[in-house]
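Structure first, commentary second.
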Ligand SMILES: CC(C)(COP(=O)(O)OP(=O)(O)OC[C@H]1O[C@@H](n2cnc3c(N)ncnc32)[C@H](O)[C@@H]1OP(=O)(O)O)[C@@H](O)C(=O)NCCC(=O)NCCS
């Protein structure tokens, strides 16, 4: 499966009418916090973390909106070589319609447009649905680790020429991460 349905960031906002894709703004914070809680429960980010990823320029937060309702969101931390997808969530009643893949492909397109080499993300190993989506979009396993009693894994999609990416190599701006991850 490839990211053929997605428009590049330069061609925003339409993905699948009437759903529109756009950068999140401060007025979306309440909606993305609610979406995050619906999708991640007690592991959802704080309001403050969402405030940071929506308003600070180093983050790119994209929402999908259907007639005024935020139905999905992604959070991307761009960096020179390795873009990091920090969050991806689709409202429960809106799943299985290609929205998660569309946001993932949007992140890939943004990373590619910036000449990044890799898109990286972390997922619970037990999150079968998400891991399957990433696998289908050519993400490979980089490392497994334990966090808060759960097995997690970092997966990467190679965008450009082969380049060595090691955990803790300093290529990623980990210091800007919010408190909890996907
Ligand atoms: C993971 C998530 C973003 C997928 O969003 P989605 O819009 O339902 O996904 P899509 O419709 O684009 O489906 C993409 C792929 O995901 C997988 N998938 C999605 N729903 C699935 C399901 N219920 N069962 C099995 N696989 C599923 C399939 O591989 C699917 O590919 P296919 O269409 O070729 O079969 C969504 O389930 C979600 O928000 N989950 C809760 C939050 C979360 O876990 N986020 C990821 C954290 S790492």
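The values are calculated or read from the model by the stated rules, or taken from the named source; none is laboratory data. Given the structure is predicted, the values throughout are model-derived calculations rather than measurements. Cβ placement follows ideal geometry from the backbone for every residue including glycine, while neighbour counts extend to all protein chains displayed.
Summary table
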{"read-out": "Residue list for segment 40-90, restricted to those being assigned to a strand (DSSP E or B) and within 12 Å of residue 29 (Cβ to Cβ)", "value": "61, 63, 70, 73"}
{"read-out": "Per-region count, segment 89-103, residues under 17 Å from residue 23 (Cβ atoms) and more than 6 Å from the ligand (Cβ to nearest atom)", "value": "2"}
{"read-out": "Residue match in segment 71-79 (condition: at pLDDT below 95 and over 24 Å from residue 135 (Cβ atoms))", "value": "no"}
{"read-out": "Among (1) surrounded by 21 or more Cβ atoms within 10 Å (Cβ to Cβ); (2) closer than 18 Å to residue 136 by Cβ, the one test that residue 76 misses", "value": "(2)"}
{"read-out": "Hits in segment 133-148 (condition: modelled with pLDDT of 95 or more and on the phi > 0 side of the Ramachandran plot)", "value": "138"}
{"read-out": "Those residues of segment 149-182 which are modelled with pLDDT of 95 or more and within 16 Å of the ligand (Cβ to nearest atom), in sequence order", "value": "150, 151, 152, 153, 154, 155, 156, 157"}
{"read-out": "Residues of segment 106-132 satisfying the condition of being buried (at least 16 other Cβ atoms within 10 Å of the Cβ) and either at pLDDT below 95 or more than 9 Å from the ligand (Cβ to nearest atom) (or both)", "value": "106, 107, 108, 109, 110, 111, 112, 116, 117, 118, 119, 120"}
{"read-out": "Residues of segment 133-162 satisfying the condition of being assigned to a strand (DSSP E or B) and buried (at least 16 other Cβ atoms within 10 Å of the Cβ)", "value": "142, 152, 153, 154, 155, 156, 157"}
